[in-house]
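Down below is the structure, laid out as structure tokens.
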Amino acid sequence: MARFTNQAQLRYGNAVTNSNVAVGEILEVLSATKTAVKTTYGQNDTVTYIISIVNSGATAFNGLTLTDDLGAYTFGTGTVTGTINYYINGTLQTAPTVEAGPPLTVSGISVPANGNATIIYETAVNEFAPFATGSDVVNTARITGGGITPITISETIAAESTPILNITKSVSPVPVTENGILTYTFLIQNMGSAPAAVTTGATITDTFNPILSGLTVTFNGTAWTAPTNYTYNETTGLFATAAGQITVPAATFTQDPETGAWVTTPGVSTLVVTGTI
């Protein structure tokens with residue numbers, strides 16, 4: 001509720017007198033909320049926001065403008081993608097005028113008397129979003145115009161704290177001679193802010209073709225033994241690590257001091273399997 005004050009001044013001849021201060025209040029009938037459909041974000045992720053504007057008064061509001069900073073901060077800005085859906089009292093309307101920005105600007109919004117308007121849009125997480133554990137992105141939006149007191153709303157989403165693993169496999173030597181020794185190297189990378197621990201239960205399975213015999217296996221330079229760390233069937237060539245034996249440290253994140261972009265350095269573990277074909 002906004003308070004306002006006024007004071008009048010009376011002049012006559014050389015005399016001046018002031019009135020008392022009249023105090024009034026404006027009952028604000030327009031309210032708004034901003035909600036993220038998903039409260040966490042990851043790398044290359046998208047986040048959908050819902051802006052809900054409610055008019056509890058008997059007069060419609062027209063010509064409103066919504067601006068959203070898309071989580072912008074001193075170094076960089078967000079990127080808007082996809083489309084915007086605009087509803088009045090639950091009925092889909094023709095798309096309003098949109099400027100991608102940032103800031104994202106949506107103009108020409110109307111809210112009927114005793115009604116509501118809803119704006120739904122999707123944003124893309126880019127390289128300026130922090131990903132380390134405990135990081136977050138705060139998106140702040142403002143609704144202005146139409147004679148209203150500007151409304152500011154915000155929503156905070158947190159960086160996901162989870163391992164994000166990928167694996168690459170290489171073979172050497174190439175070519176290999178018959179009855180020669182062949183080595184497979186598995187590089188496991190973690191792009192996430194949390195380590196892949198024993199409790200993650202990560203495993204690697206591979207059916208070697210040609211089948212290898214006389215295996216030696218190391219993980220991060222430490223010798224492994226069967227069946228504690230892995231199992232291998234020399235008849236079928238099926239190799240499998242035991243659950244929880246594959247562990248990978250979390251990625252590290254550094255911010256470029258000039259551009260503000262975050263650079264991810266993955267955590268790395270290496271599994272090496274050597275045998276005779």
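Some notes on this structure:
- The listed residues are Ala113, Ala100, and the only one of them that is under 25 Å from Thr67 (Cα atoms), free of Cβ contacts under 8 Å to residues at least 40 places away in the same chain and loosely packed, with under 15 Cβ neighbours inside 10 Å turns out to be Ala100.
- Matching residues in the stretch 44-74 - criterion: being part of a loop (DSSP other than H, G, I, E, B) and under 14 Å from Thr123 (Cβ atoms): Asn44, Asp45, Asp69, Leu70, Gly71, Ala72
- Qualifying residue in the stretch 219-226 (condition: polar (S, T, N, Q), out of contact with any Pro (no Cβ under 6 Å at 6 or more places or on another chain) and farther than 17 Å from Thr168 by Cβ): yes
- Summed over the stretch 234-264, residues that are within 28 Å of the chain's Cα centre (by Cα) and either open to solvent by 40 Å² or more (accessible area, probe 1.4 Å) or more than 30 Å from Thr276 (Cβ to Cβ) (or both) total 17.
- Residue, surrounded by the most Cβ atoms within 10 Å (Cβ to Cβ), within the stretch 23-48, restricted to residues that are small (Gly, Ala, Ser), over 26 Å from Trp262 (Cβ atoms) and at pLDDT 85 or above: Ala32
The values are calculated or read from the model by the stated rules, or taken from the named source; none is laboratory data. Please read all numbers here as calculations on a predicted model, not as lab measurements. Reconstructed Cβ throughout: ideal geometry from the backbone, glycine too, with neighbour counts over all protein chains shown. Please note that ligands, DNA and RNA were not included when accessible areas were found on the heavy atoms of the full protein model with its side chains. Shrake-Rupley method; radii C 1.70, N 1.55, O 1.52, S 1.80 Å.
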